[in-house]
Each structure stands twice: as structure tokens, then as C-alpha cells.
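Rule-based calculations on the coordinates, nothing more; no lab input. Here the structure is a predicted model, which means the values were calculated and not measured. With ideal geometry, Cβ positions are generated from the backbone for all residues, glycine too; neighbour counts draw on all protein chains shown.
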Amino acid sequence: MDGDSMFVRDYQAALDFIHGRTKFKKKPTLTTMKLLMERLGNPQEQLKVIHVTGTNGKGSTTAFIRELLLAHGFEVGTFTSPFIVKFNERIALNGQMINDETLVTLVNQVGPVVAELDAELGEQGPTEFEIITALMFTYFGQIKPDYVVVEVGLGGLLDSTNIIQQPLVSVITTVGYDHAQILGSTLPEIAQQKAGIIKASCPLVLGKVSPEVAQVIKAVAREKKAPYYQLGQAFKNQATGLKDGQESFIYSDDSFHKLALASGLLGAYQVDNATCALKAVSLVAQAENFQLQTKLVKLALAQTAWPARMEKIFTQPLVFLDGAHNLAAFEELATMIKSHFNANHVFLILGILADKEPEKMLTMMAKLPNVQLILTDFDAYRQVADPQKLATKLPQAQAISPWKIAFKTVVTELLADESDVIIFAGSLYFVSEVRAFFKEEMDE
């Protein structure tokens, strides 16, 4: 493109173009996405994709898959959301986010096609997520890594990533309540959406789900003649507790018998995510004729890191960031507190979006005797649950805003012992704001 016809001139203009788009269509369909990708030459058809969906655990499972493939010498692209500190994280190669110049170049390639479709389709022009997905497929189509791990944005069936025709493996991590207004209000309805990523004859790895969910997903897999591997049946794990600050567990399937492993990410649910990732990669290895090496598998899972998933950011006092942002994730966080911090006093500083059933989430946390709830707010493009209103309904919760004051109050007035623990949680948007602030403080 010559200088005069550039669609955007710099990084900020590229971001403004992306974020200035409509977030959701009134009725989600894949029609616009298919048109957009056709005009870009369908780069997604050249890629070897592992497609990952699930209510919780998508990001961590993607990270485990990435590390397992990297350890075996492959180049790996990843597509994840939301970002934690910087937008570019969403599109990464070998764990490194794309640089600003690359993003500008991609927007200059994809933007004019978006403008064409806007002129033809009016309000049905591409949404923000469709454009981000197109940028990602365009980028990986050009650099052609060995594998691309693609995380679904929302649901599965009508998600813009679901134009992938033949993934090597599809993974459904968990199915719980989230985005009810879009995906449905019952678990079978949500499961039907997630099962939308199952493709004819492509193997499916399914994590820990309820029998009613498994029934829906199995039916779709049978109909599509997709080989089906469910955690607890075709492959198994057994958590063996914390060892050297890592979650240790035993893994078994038809290739590995009682393999002792450890996850670099904390929480019993991370054992399930690591297990699903290993099964997915072992199916990739079968399809692609390479051998998984025990030593490399152990190393990869132990060194996996993922921002804001029980991520330790300070040791004195002990401060963690966790992206728990819906009921199922709060149940996992409660389990984690009971198993790992039962003897500690825990200050939970929470910023929650208003559409996430905050009262149910808080009521559950309030039952833990060693947890003190501090409710706060943060900058978000969606409405944040009002800390004051929530605190009036829960006598054991305190409202302190903004969050920096909440943190300062906990550290200077409430911490009583050096074994006390502080956990920021409630929304990935919230913890990404907290993480960015502390990272800046540490860098100065």
C-alpha cells in the first residue's frame, strides 16, 4: 500500500479502528465472517488448528497446549481473549505477542475489506471480534506456524472462530453458566452452543462436565462421527496435592500409564486443564506422527504460566491475582482457598461486572470462615456491580473504592499477620487493570 492509501497510520489508529466497531450483532451468524475471510483468501484453511472452548479454563488449557507443543520443537500461534495488559497479547507466536508494527500492517490489509463489506452490508458489517479473528487468521496464514491454538470468543456454534472447517482436535474444557443472554439459560442449551465446534471426524476432548451436559455433547459427536475422549473415562487424572509450590497429579490414558506430573498453574481445576491439554496434544501427535517425550511433557506442564490465573505478584504480603469472574470460577476459587489457604486469613478484593450474578458469587464466598470480603470498583466499558449496594446486602462485606484505596486499607490497617493472603478477583478486566498498575510500579 502506498502512503496515501494507508487505512491507518499508526498503532493508536489501528486500536481505535478495532475498538470502535460494534461489539455484538443483534442476531449472531457466521455469514459476514465467511464473506470477510473469503475476500481475504481464506487463510484459515491453510492452518493446523486446535480449537478450544469452554465456560472456564480456555486460556489456561491453551497455555498448557502451547507449552507442550513448544517443548517438542514446534512453532505455535495462539489466539486468546481478553488481553490482560496489552491488546497484542491476543495474537501471539511462541508465547510472544505480535508487535505494534505488525498489528498496523494487518489492519491495513484487513481494514479496506471491512470498509467494502460495510458499504455492502450496512449494519451487518463485521463486528470487533470478527475483525480481530480475521487479523489473527491473516497473520498466521502469512507466517504459517506449525500449529495454531485458537480460543473461542463466546460459545462455539456461532463464534467467529468457528469458520475453521477441519481442526486437528477440538477441546471443550467445562460447561457452566455465563453469558446467559446470548448462549441460553440452561446447561443443555449452553452445551449445544459449545458443541458447535465439533466437526465431522475431528477428535473431541471433553473436560469435567455434568452427565446432562455430556449427553448433549456426546450426541453431537456421534452425529458428526467425531471420536470422543472424556476426562474420567478415556483419560484420567488423580490430584496428589501441592509439591514444591506446584499442583502434582497422576495422568493415565492409552499411551501413558500413571505418569507423575505437576502443573505450574495453581488450583485443582488446573490439573483438569493440564490433563485435557495433554490428551489434546497426544491426539495431535498421533495424527501428525510424532512421539511425545515424557521428560518434555513434565517440563512443559511444570513451566506453564498464564497471567491472572492465581498469579502471585507479591510475596510480602502474599498477593495473588485471579481471573475468576462467574459462579463456576468462584466455586473453584472457594475450593482453592479451602485446600491451599485454610490456615490463612484471606482478604478477597473483588471488582465484579453487574451482569455476572454478583450476589450469588459473594454469598458463596461469605460462607468461608477465614475470608474477608472487600468490594470495590474499577474502570470498565461494561457496568460494574455497585460495591455499596452489594455490601448492604452482605453484612460480612465491606465496600471500599477505588480499588487502590481498598488495597492500601487492607495492607496498612487490616493485615494482622505475615501469613495473611490478599487475592484480587471478580473480573478479568478488573485484575488486568490491577496487574498493569503493579507492573508499571515495579518497572519504575
Estimated distance in nm for a label pair at R382 and Q291, the labels positioned 7 Å out from Cα along Cα-to-Cβ: 4.7
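I'd like to know how region 3-302 sits against the 2.2 N^0.38 Å rule of thumb: what's its Cα Rg over that expected value?
On the way: Rg = 19.3 Å, N = 300, 2.2 N^0.38 = 19.2 Å.
Normalised Rg, Cα atoms only: 1.00.
Work out, step by step, the length gained on full extension between S252 and S210: first 0.36 nm times the residue separation, then minus their alpha carbon distance; give nm to one decimal.
Details: separation 42, 0.36 × 42 = 15.12 nm, distance 2.11 nm.
Working it through step by step, the gained length comes to 13.0 nm.
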Over region 42-92, relative contact order from alpha-carbon pairs under 8 Å, at least 6 apart, %: 22
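Can you tell me the relative contact order of region 235-346? Whole percent, Cα pairs under 8 Å, sequence separation 6 or more.
Working: 132 pairs, mean separation 21.7, N = 112.
It comes to 19 percent, rounded to a whole number.
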Span per principal axis, largest first, for the Cα atoms of region 50-154 (Å): 46, 30, 24
Rough spin-label spacing in nm, given labels placed 7 Å along Cα→Cβ, for R39 and T240: 5.6
Within region 109-146, backbone nitrogen closer than 19 Å to the virtual label 7 Å beyond the Cα of F83 toward Cβ: 109-111, 127-141
Paramagnetic reach from A343 (point 7 Å along Cα→Cβ, amide N under 16 Å) across region 397-418: 417-418
The chain: relative contact order in percent, alpha carbon pairs under 8 Å with at least 6 residues between: 15
D443-L415 FRET efficiency (beta carbon distance; Förster radius 30 Å; 0.05 resolution): 0.75
Three-way shape label, region 311-443, alpha-carbon gyration tensor, a/c 1.5: rounded
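Which value in deg cm²/dmol, rounded to the nearest 500, describes the helix-derived mean residue ellipticity at 222 nm for the chain, given -39,500 (n - 2.57) per DSSP H run of n ≥ 4 and division by the residue count?
So the calculated ellipticity at 222 nm is -12500 deg cm²/dmol.
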Listed residues A343, A195, A300, most fluctuating in the chain (Gaussian network, C-alpha, under 10 Å): A343
DSSP H segments from the chain that extend 15 Å or more along their own axis, Cα-based, with Kyte-Doolittle mean of -1.0 or above: 58-71, 100-121, 128-143, 211-223, 268-288, 327-340, 428-443
Antiparallel %, DSSP beta bridges [both residues in region 3-302], to 5: 45
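Cα-Cα pairs above 12 Å in region 399-444: how many percent? It would help to have the intermediate numbers written out before the result.
On the way: 715 of 1035 pairs.
Counting pairs separated by more than 12 Å, the tail of P(r) holds 69 percent.
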Gain upon complete extension [T315, K224; 0.36 nm per residue less C-alpha separation]: 27.8 nm
